[in-house]
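Following: one structure in structure tokens, then a few remarks.
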Amino acid sequence: MAPTPTGNRRTRVHVVSDVHGNARDLATAGEGADALICLGDLVLFLDYADHSRGIFPDLFGVENADRIVELRTARRFDEARELGRRLWAGIGSDRGAVIEKAVRKQYAEMFAAFPTPTYATYGNVDMPPLWPEYAQPGTTVLDGERVEIGGWVFGFVGGGLRTPMRTPYEISDEEYAAKIEAVGEVDVLCTHIPPEVPELVYDTVARRFERGSRALLEAIRRTRPRYSLFGHVHQPLARRMRIGATECVNVGHFAGSGKPWALEW
């Protein structure tokens, strides 16, 4: 990673989101940049492109992974949850403890791959209570908070909104809006989920609308940051869009591409 910028030298940051277990490429994602920004979803529970990868197939096998993806894609969430209940009943162990053990293994690898400095916030599949144990010196975790990088102010809001998927870090619209409000006016607004705009929240492969934030959209219109950066939607209908003065960018599905999005000023 490049040294901390001084004087009038230009600043470059690399931004990743939806890492989902890709520690190999994460280890080089900061090369040539002054800082790395991570917008969450470090955990790989189930890879919808390769059903053999993730915590779920490790525990229950690929056939069950195929089935649960089929049910979720068809939005048959009650059937998917019933299948999950039957599978977990067969494990005979505490579900939370089993998942936490698997997540801890992934976090140890992911956080060790972060370069210095890294600024990170949570995704909807992350487990925030575990992050303090793995965030090493040089990694700053922010949620509803701001930081200055190269003379610009960056605001961070992590997590997702509640959905039938019931992923680990889904919060209420009110709690999310309060974090957006706490960040206030910034140059770059960094979130895991996108603003609630149909073109930005529709996943063309999953063929469904993911949840975006109305509060985020309203904040973009009101405070006019230079950039709104986010991930969450792996194959969006639109990867970038201008909303007033703000360039809104889905920084990409890092687990699939292995390439960060670059911002330079």
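The values are calculated or read from the model by the stated rules, or taken from the named source; none is laboratory data. Treat the numbers as computed from the prediction; the structure is a model and nothing was measured. Because the Cβ atoms are built from the backbone with ideal geometry, glycine has one as well, and the counts that use them run over all protein chains shown. Side chains are part of the model used for accessible areas, which takes the heavy atoms of the whole protein and leaves out ligands, DNA and RNA. Shrake-Rupley method; radii C 1.70, N 1.55, O 1.52, S 1.80 Å.
Step by step: first the residues of region 106-129, then only those that are surrounded by fewer than 18 Cβ atoms within 10 Å (Cβ to Cβ) and more than 14 Å from the chain's Cα centre (by Cα), then the one that is nearest to R9 (Cα to Cα). Which residue is that?
Checked region 106-129; the qualifying residue nearest to R9 (Cα to Cα) is T116.
(1) hydroxyl-bearing (S, T, Y); (2) open to solvent by 40 Å² or more (accessible area, probe 1.4 Å); (3) in a loop (DSSP other than H, G, I, E, B): which one isn't true of T140, the others all being true?
With respect to (1) hydroxyl-bearing (S, T, Y); (2) open to solvent by 40 Å² or more (accessible area, probe 1.4 Å); (3) in a loop (DSSP other than H, G, I, E, B), T140 is out only on (3).
For region 36-56, which positions are buried (at least 22 other Cβ atoms within 10 Å of the Cβ) and over 15 Å from the mean Cα position of the chain (by Cα)?
F56
Does R207 qualify as being modelled with pLDDT under 95 and open to solvent by 40 Å² or more (accessible area, probe 1.4 Å)?
Yes: the conditions hold for R207.
Could you please find all residues in region 6-35 being closer than 15 Å to W261 by Cβ, within 17 Å of the chain's Cα centre (by Cα) and surrounded by fewer than 20 Cβ atoms within 10 Å (Cβ to Cβ)?
D25 - this is the single residue of region 6-35 that is closer than 15 Å to W261 by Cβ, within 17 Å of the chain's Cα centre (by Cα) and surrounded by fewer than 20 Cβ atoms within 10 Å (Cβ to Cβ).
Just checking, does region 258-265 include any residue being assigned to a strand (DSSP E or B), modelled with pLDDT of 95 or more and surrounded by fewer than 16 Cβ atoms within 10 Å (Cβ to Cβ)?
yes
Report, by residue number, each residue of region 210-223 that is open to solvent by 60 Å² or more (accessible area, probe 1.4 Å) and touching a strand residue (DSSP E or B) at 6+ places or on another chain (Cβ under 6 Å).
The one that is open to solvent by 60 Å² or more (accessible area, probe 1.4 Å) and touching a strand residue (DSSP E or B) at 6+ places or on another chain (Cβ under 6 Å): R211.
When you scan region 170-182, do you find a residue that is out of contact with any Cys (no Cβ under 7 Å at 6 or more places or on another chain), touching a residue at least 60 places away in the same chain (Cβ under 8 Å) and closer than 20 Å to L142 by Cα, even just one?
Looking through region 170-182, none of the residues is out of contact with any Cys (no Cβ under 7 Å at 6 or more places or on another chain), touching a residue at least 60 places away in the same chain (Cβ under 8 Å) and closer than 20 Å to L142 by Cα.
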